[in-house]
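Below is one structure, written out as structure tokens; comments come after it.
The values are calculated or read from the model by the stated rules, or taken from the named source; none is laboratory data. Model, not experiment: these values are computed from the prediction. Backbone-built Cβ (ideal geometry, glycine too); neighbour counts: all protein chains shown. Protein only, heavy atoms only, side chains kept; ligands, DNA and RNA dropped before computing areas. Shrake-Rupley method; radii C 1.70, N 1.55, O 1.52, S 1.80 Å.
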Amino acid sequence: MRTMGNAFQRLFTFLGLLHYGAAATSLAGNWTLVQQGLTGVSGLQLAVVSETKAIIIDKVENNALMVDGHIAWAVEIDINTQEVRALDPLSNTWCATGSFLSNGTLISSGGSPIRITGEDGLQALRLFTPCTDGSCDILEDPTRIRLTSARWYPSSVRIEDGSVLIFGGSLLNNYINNATINNPTYEFYPPKNIHGFNGLQIPSQFLNDTINGNHFPNLVYLPDGRVFISANTQAMIFDWKTNTETQLPGIPNGVRISSPFSAGHVLLPLSAENNFTPEILICGGSTVSDFADPLTLTSQEPTSSQCIRMALDEAGIAKGWEVDQLPEGRIMADLILLPDGRVLVIDGAMTGVAGYGNVADQIGQSNADNPAFMPVIYDPAAPLGSRFSRDGLIASTIPRMYHSTASLTPNGTIMLAGSNPNADVSTIMYATEYRLEFLSPPYMAVERPSYTGLPATFDFNSKITLDVDLPEGTKDVKVALMDLGFATHAVHMDQRLLYLDAVLHEDKTKLTVTGPPTPALFPPGPGFLFVVTDSGVPSFGHQTLIGTGASPPVDEDAIAKYVYAQQDDDAAGCAVVLAAGAEAPMSVECSNVASAIMNMLLI
Ligand SMILES: *[C@@H]1O[C@H](CO)[C@@H](O)[C@H](O)[C@H]1NC(C)=O
Ligand SMILES: *[C@@H]1O[C@H](CO)[C@@H](O)[C@H](O)[C@H]1NC(C)=O
Ligand SMILES: *[C@@H]1O[C@H](CO)[C@@H](O)[C@H](O)[C@H]1NC(C)=O
Ligand SMILES: *[C@@H]1O[C@H](CO)[C@@H](O)[C@H](O)[C@H]1NC(C)=O
Ligand SMILES: *[C@@H]1O[C@H](CO)[C@@H](O)[C@H](O)[C@H]1NC(C)=O
């Protein structure tokens, strides 16, 4: 049976190559889906942190799982055994963003002021350094380390020096952003003293222009060191080094693409074959007005099936967005890059908007209805009109809508977690979802390549030689270096696939791989390296730190001025906060005062 399958596959591969030249090949066949394990907290935020572990972060709610005598809202989970270890962040992580630094530490930033237990998380900056021995936890030290401004629903992206850019969000928790609660600024961690803001937040016109529907903007680090950013109906290229925004063609046909009209977005695979030209794909969204009172909306609002794609070189931008259609409308779809270069579109809802407790006819509390149970595959290498396929795919029976997440695992399966369109843990429709699922592409069921010899760090332009064991009949391989990202609200911060230069030795037992050409192509930090056969079958993706593993640069000037700004709180009536000592995070008001003082000093 298997030999037959492989023979057919090779024929398919051959035919495929005839049509699409250098395009990646994928293995045809049936997918499988298993429900396995419980997450203990609902999967609002998900990131694979090592070859065996993932971190799952929820909002503070009445989960049954306890830690240190109180309810838990974050866990480390073993991907293979699904064993859960409760973690103990200090503040409310709802709805934070996450990105890894160059040294492998994950930072979670922003959150919610709502307190059942725990601290106000609006200005939180949490650090998690992954471990394999059960000793690591989420660290918070709010009097020393925090954002310089409050952020609910911000996004983040790791940049080429290994630090993280944190962008947008609201000053308060709300269904949708608006001009009063908008935080139209960005900042870095570690802070940077640039553009005259002394390590404090820097204004962004784009975040004013995209009110109201600009929560969780889409951020993608580009090979030229700038950042693609899209939100609501607009897109731009942001140059953080010069603080300039360059407008791109807007989203066609009035479709809104960020929360609560969450579309999925992804940077398509980068390779030398396409000259590392970045191409952005955005699928789904909604044409509902972002100024509509949610009480005038319903959970049955149609969603958009529009899937748009644009190459971000001169010719691509001149051509504008190419419009394609998903088989059905979706919001809150997760777009997952597979090591074979395709994109899995999964989860979300076919009607309504994101969030809960807002629209007139909530289902339970959900603002959305008609879960999208059936995933679809997008093949970027196929011609327009035949890029979507459901061949061999399988539907879930578990609704995964608002507050659900998905991620590729190092072994090549897709981990599906969460869904909780409710204020707290709920058993009514649509209930808080703790069940974990694993979706296996057809490549999980055949003989797979394997390799050894990946060092703990893999520097730019350096060469390593791996020992490879390839399935019989393999003619050539590709090497996919992947950032599996940090998933929340249908946005996968930092998700990326870069094909590396790789030369298979004559006897096919050794493979020489060259590290990424530049830090902008793959910002230094954690990466998973998959060896993929010419039949589209990937190895296990071993983890390494791209770059040297060094911590991101610290701008002493930014830190010194930032500390000074905090001390000046006293003069502005914020002494109470300081007197409360180490436990009290700086209030939003105090931070704003601090920012204002800094701004006054600047004038
Ligand atoms: C794939 O699934 C379909 C439908 O269940 C079945 O008819 C077919 O035989 C399966 N193919 C393989 C190769 O298992
Ligand atoms: C923005 O939302 C907040 C919180 O719901 C509300 O108090 C405020 O009036 C809103 N502002 C605008 C301009 O809609
Ligand atoms: C954004 O809007 C706010 C409120 O109207 C204003 O104070 C701020 O200066 C604006 N920022 C930019 C960069 O336009
Ligand atoms: C990875 O998946 C393969 C199936 O392709 C399985 O045999 C193997 O045990 C898995 N390895 C790990 C570490 O999960
Ligand atoms: C990574 O860098 C951050 C910021 O300097 C630091 O807080 C963290 O401890 C570092 N992590 C490791 C593993 O060195």
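Somewhere in segment 466-485, is a residue crowded, with 23+ Cβ neighbours inside 10 Å and touching a Lys or Arg at 6+ places or on another chain (Cβ under 6 Å)?
yes
For segment 171-183, enumerate the residues that are free of Cβ contacts under 8 Å to residues at least 40 places away in the same chain and either under 18 Å from residue 554 (Cβ atoms) or within 21 Å of the chain's Cα centre (by Cα) (or both). I'd like the intermediate steps shown before the answer.
Of all residues in segment 171-183, those free of Cβ contacts under 8 Å to residues at least 40 places away in the same chain come to 174, 177-183.
Residues satisfying the conditions are 177, 183.
Could you list all residues from segment 167-219 that are among the hydroxyl-bearing types (Ser, Thr, Tyr), open to solvent by less than 10 Å² (accessible area, probe 1.4 Å) and within 15 Å of ligand 2 (Cβ to nearest atom)?
Step one: filter segment 167-219 for residues among the hydroxyl-bearing types (Ser, Thr, Tyr), giving 170, 175, 180, 185-186, 189, 204, 210.
Remaining after also requiring open to solvent by less than 10 Å² (accessible area, probe 1.4 Å): 170, 186, 204, 210.
Hits for segment 167-219 are 170, 210.
Six or more apart or on different chains, Cβ under 6 Å: which pairs go from a residue in segment 109-123 that's over 17 Å from residue 201 (Cα atoms) to one that's open to solvent by 40 Å² or more (accessible area, probe 1.4 Å)? Could you list them?
Cβ pairs passing all conditions: 112/173; 113/120; 117/70; 119/90.
If you take the residues in segment 144-157 that are more than 16 Å from ligand 2 (Cβ to nearest atom) and outside any loop (DSSP other than H, G, I, E, B), which one is modelled with the lowest pLDDT?
The initial filter retains those residues of segment 144-157 that are more than 16 Å from ligand 2 (Cβ to nearest atom), namely 144-149, 154-157.
So of that shortlist, the ones also outside any loop (DSSP other than H, G, I, E, B) come out as 146, 155-157.
Numbers: 146: 86, 155: 98, 156: 98, 157: 99.
Only one residue fits best here, namely 146.
From the list 160, 187, which residue is under 19 Å from the mean Cα position of the chain (by Cα), among the acidic types (Asp, Glu) and assigned to a loop (DSSP other than H, G, I, E, B)? Let's see the steps before the verdict.
Details: 187 fails: assigned to a loop (DSSP other than H, G, I, E, B).
Criteria check complete, one pass: 160.
Looking at residue 512, is it in contact (Cβ under 8 Å) with a residue 40 or more places away in the chain, open to solvent by 10 Å² or more (accessible area, probe 1.4 Å), assigned to a strand (DSSP E or B) and not assigned by TED's automatic domain parsing to the domain that holds residue 218?
Details: in contact (Cβ under 8 Å) with a residue 40 or more places away in the chain: yes; open to solvent by 10 Å² or more (accessible area, probe 1.4 Å): yes; assigned to a strand (DSSP E or B): yes; not assigned by TED's automatic domain parsing to the domain that holds residue 218: yes.
When the stated conditions are applied, residue 512 passes them.
What pairs come up if the first residue lies in segment 441-455 and is within 12 Å of residue 540 (Cβ to Cβ) and open to solvent by less than 30 Å² (accessible area, probe 1.4 Å), the second is among the hydrophobic types (A, V, I, L, M, F, W, C) and within 13 Å of ligand 1 (Cβ to nearest atom), and their beta carbons are under 6 Å apart, counting only those six or more places apart or on different chains?
These pairs meet every condition: 443/27.
May I ask you to say which residue of 528, 522 is hydrophobic (A, V, I, L, M, F, W, C) and part of a loop (DSSP other than H, G, I, E, B)? Please lay out each step first, then the result.
Numbers: 528 fails: part of a loop (DSSP other than H, G, I, E, B).
None of the other options fit; the residue is 522.
Just checking, does segment 467-486 include any residue being more than 23 Å from residue 511 (Cα to Cα), outside any loop (DSSP other than H, G, I, E, B) and either within 16 Å of ligand 1 (Cβ to nearest atom) or in the same structural domain as residue 402 (by TED's automatic domain parsing) (or both)?
Taking every residue of segment 467-486 in turn, none turns out to be more than 23 Å from residue 511 (Cα to Cα), outside any loop (DSSP other than H, G, I, E, B) and either within 16 Å of ligand 1 (Cβ to nearest atom) or in the same structural domain as residue 402 (by TED's automatic domain parsing) (or both).
It is to be established whether one or more residues within segment 259-270 are in a loop (DSSP other than H, G, I, E, B), in contact with an Asp or Glu (Cβ under 9 Å, 6 or more places away or on another chain) and surrounded by fewer than 24 Cβ atoms within 10 Å (Cβ to Cβ).
yes
Under the condition of being among the charged types (D, E, K, R) and open to solvent by 10 Å² or more (accessible area, probe 1.4 Å), which residue from segment 112-137 is nearest to ligand 1 (Cβ to nearest atom)? Can you show your working first?
If we filter segment 112-137 for residues that are among the charged types (D, E, K, R), which is where we start, we get 115, 119-120, 126, 133, 137.
Still in the running and open to solvent by 10 Å² or more (accessible area, probe 1.4 Å): 115, 119-120, 133, 137.
Working: 115: 49, 119: 51, 120: 51, 133: 41, 137: 44 Å.
Per the criteria, the residue is 133.
Would you tally the residues in segment 93-126 being of a type in the set (A, V, I, L, M, F, W, C) and within 16 Å of ligand 5 (Cβ to nearest atom)?
To start, the set of residues in segment 93-126 that are of a type in the set (A, V, I, L, M, F, W, C) comprises 94-96, 100-101, 106-107, 114, 116, 122, 124-125.
Filter once more, keeping what is within 16 Å of ligand 5 (Cβ to nearest atom): 100-101, 106-107, 124-125.
Residues in segment 93-126 being of a type in the set (A, V, I, L, M, F, W, C) and within 16 Å of ligand 5 (Cβ to nearest atom): 6 in total.
Output the number of the condition that residue 126 fails; it satisfies all remaining conditions of (1) within 27 Å of residue 548 (Cα to Cα); (2) assigned to a loop (DSSP other than H, G, I, E, B); (3) basic (Lys, Arg).
(2)
I need the full set of residues from segment 132-152 which are free of Cβ contacts under 8 Å to residues at least 40 places away in the same chain and within 22 Å of residue 488 (Cα to Cα), in order please.
139
Condition (residue is at negative phi, among the aromatic types (Phe, Trp, Tyr), surrounded by 15 or more Cβ atoms within 10 Å (Cβ to Cβ) and not in a strand (DSSP E or B)) applied to segment 233-242: is it met by at least one residue? Write out each step before concluding.
Residues of segment 233-242 at negative phi: 233-242.
In the following step, the residues that additionally are among the aromatic types (Phe, Trp, Tyr) were identified as 238, 240.
Subset that is surrounded by 15 or more Cβ atoms within 10 Å (Cβ to Cβ): 238, 240.
Imposing the further condition that a residue be not in a strand (DSSP E or B) reduces the set to 240.
So far as segment 233-242 goes, yes, one or more of its residues are at negative phi, among the aromatic types (Phe, Trp, Tyr), surrounded by 15 or more Cβ atoms within 10 Å (Cβ to Cβ) and not in a strand (DSSP E or B).
Given the options 51, 76, name the one that is assigned to a loop (DSSP other than H, G, I, E, B) and charged (D, E, K, R). Spell out how you get there, then give the answer.
Numbers: 76 fails: assigned to a loop (DSSP other than H, G, I, E, B).
51 is the lone residue from the list that is assigned to a loop (DSSP other than H, G, I, E, B) and charged (D, E, K, R).
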